[in-house]
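Notes for the one structure printed next.
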Amino acid sequence: MKDLHVAIVGAGIGGLAAALALQRAGLRVSVHEQAPQLGEVGAGLSLSPTAAHSLRYLGIGAALDVAAYLPEDQAVRHYQDGRALQWTNRGRALLEKYGERYYLIHRADLHDALAAAVRANDAAAIRLGRRLVTLSQTGDGVRLGFADGGTATADVVVGADGSRSQTRHLLFGDSAPKYTGYIAWRGLVPMDRVPQSVLDPPSGIYVGPGHLVNRYPVRGGRLLNFVAFAEREAWTEEGWSIPSTVDELLREFEDWHPDVRTFLAAVPPENLFKWGLFDREPLTVWHRGRVTLLGDAAHPVLPFLGHGAVLAIEDSVLLARAFGSAGSIDEALARYGAARIPRAAFVVRESRLAVKVFHSHEPEKYPQKTGGRAADERLGLFDYDPTRVAV
Ligand SMILES: Cc1cc2nc3c(=O)[nH]c(=O)nc-3n(C[C@H](O)[C@H](O)[C@H](O)COP(=O)(O)OP(=O)(O)OC[C@H]3O[C@@H](n4cnc5c(N)ncnc54)[C@H](O)[C@@H]3O)c2cc1C
């Protein structure tokens with residue numbers, strides 16, 4: 001199994017984490033990315049203890065410690081009067097219980113650390129400008145065809161090409177994405193534009209009727225990341241980088257607490273984007289022959305529990321561990337699917353349900369609905385260590 005060559009389609013966080021995990025398991029890896037340059041969008045990511053365990057297993061724990069912001073507390077507040085409805089610890093208490101804590105990181109910082117580690121193992125591993133269009137499997141390999149006419153061969157292919165995955169389309173056909181009725185804005189605000197008085201504590205969520213605002217520091221505390229969700233009947237525009245205006249955002253959150261409006265108003269317009277949230281039914285099988293899926297390609301998930309990248313990183317560890325313990329490609333891909341499909345399906349389902357808790361028409365009932373615990377911890381999402389679970 002160590003002689004295998006694995007081609008990964010997509011160099012997002014999932015594709016790069018998988019490349020690193022497979023390299024560390026001793027396999028040869030090529031990553032084919034459609035973009036002409038490697039990069040990530042300007043936004044934050046919250047990483048749970050399970051992702052932190054995984055990133056340390058992949059050898060990039062030091063990068064996490066340097067680049068991330070380490071929140072101690074997280075408050076959930078009422079959208080209008082700002083009172084704290086719930087206060088939970090995301091640092092010390094998690095560390096004691098799960099051996100890891102929460103980390104808040106700029107996506108580009110994590111992406112850069114993963115890419116650097118993959119390239120340190122093999123300088124030529126990441127190939128750019130390669131948009132996958134076709135796949136054909138024979139008994140002894142897979143042939144990949146790219147939009148520019150180029151081709152490549154591999155023993156195994158991992159489709160990590162995101163929620164609109166071409167690999168998934170080629171394996172399982174199309175399932176139309178369904179608009180969820182929610183749109184969102186994301187923004188990054190330089191911290192020197194944000195008064196300290198609105199950051200108590202720096203990591204916080206505001207809940208209100210049909211709306212939710214989540215904000216937290218990234219880049220060691222130099223930027224404030226926010227995501228603001230709102231219900232909207234219809235939406236047709238694609239992509240998650242549609243420019244918006246501060247006026248439009250403030251109109252949507254007109255009757256919200258001045259603290260929220262203060263940091264929303266401080267966003268530089270060039271750092272403000274909006275998008276519509278689409279959903280797909282989860283797959284019950286991830287592989288066909290020598291081709292499997294990973295990350296959003298396998299299980300696109302709504303962002304209400306902040307778990308899409310966490311799942312992709314967990315997938316990577318389990319995929320590599322499956323290759324380490326199986327005797328054949330088929331066995332490795334079957335073990336990987338068996339280990340991951342139930343967990344991903346659970347998080348996908350709970351992320352859909354979580355919106356009902358957050359977008360509350362009775363925000364004061366929030367602590368009753370969550371039993372006074374953070375939504376992800378209450379669901380037992382941290383009672384899982386990808387580096388140890390059976391595969
Ligand atoms: C608002 C918002 C907030 C979020 N917050 C969090 C959070 O706090 N924590 C968290 O864990 N998750 C969060 N997520 C989810 C997370 O961002 C995604 O789940 C994660 O980035 C998925 O990574 P991926 O590598 O699977 O896919 P992607 O990041 O989509 O990467 C796919 C890659 O494949 C490439 N590609 C696509 N098609 C092709 C092709 N045909 N050929 C070659 N290359 C191709 C793309 O260019 C891209 O580089 C959030 C998501 C949103 C929308």
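Some observations on this one:
- Spacing of the two label points (7 Å from each Cα toward its C-beta) at residue 180 and residue 235, in nm: 0.8 nm
- Residues listed by number, region 75-113, amide nitrogen under 16 Å from residue 262 label point at 7 Å toward C-beta: 77-84
- Extension gain, residue 147 back to residue 56 (0.36 nm per residue minus Cα-Cα distance, nm): 29.2 nm
- Kirkwood-type radius of region 211-254, with distances r between different C-alpha atoms, in Å: 12.5 Å
- Each residue of region 132-146 was assigned a 3J(HN,Hα) from its phi angle through the Karplus curve 6.51 cos²θ - 1.76 cosθ + 1.60 (θ = phi - 60°); the sequence is 5, 10, 9, 9, 9, 10, 10, x, 10, x, 10, 10, 9, x, 10 Hz, with glycine and proline shown as x.
- Taking other C-beta atoms within 10 angstrom as a stand-in for reagent exposure, 143, 168, 349 fall in the order 349, 143, 168, fewest first.
- For region 122-175: rounded, prolate or oblate by the Cα gyration tensor [a/c cutoff 1.5]: oblate
- Only DSSP H runs of four or more residues enter the estimate; each adds -39500 (n - 2.57), and after division by the residues of the chain the mean residue ellipticity at 222 nm equals -10000 deg cm²/dmol.
- Here region 189-246 is treated with +1 on each Lys and Arg Cβ and -1 on each Asp and Glu Cβ, and its dipole about the Cα centre works out to around 320 debye.
- For region 102-135 versus region 73-92, the inter-centroid distance based on Cα atoms is 35 Å.
- Computed Kirkwood radius, in angstrom, where 1/r is averaged over Cα pairs of the chain: 21.4 Å
- With each label modelled as a point 7 angstrom along the Cα→C-beta vector, the residue 352-residue 325 pair spans 3.0 nm.
- Filtered GluC sites (Glu not before Pro), region 38-119: DSSP coil and at most 15 other beta carbons within 10 Å: 72
- Multiplying each eigenvalue of the alpha-carbon gyration tensor of region 33-177 by 5 and taking the square root yields semi-axes of 38, 20, 15 Å, largest first, rounded to whole angstroms.
- Compactness of region 278-390 is given as radius of gyration and Dmax, 16.0, 55 Å, from Cα positions.
- Taking a ≥ b ≥ c as the square roots of the eigenvalues of the Cα gyration tensor, region 277-337 is classed as oblate, since a/c reaches at least 1.5 and a/b does not exceed b/c.
Each reported figure results from applying straightforward, stated rules to the coordinates on display, with no laboratory input. Worth saying up front: this structure is predicted, and the values here are computed from it rather than measured. Note that each Cβ is placed from the backbone with ideal geometry, even for glycine, and that neighbours are counted across all protein chains shown.
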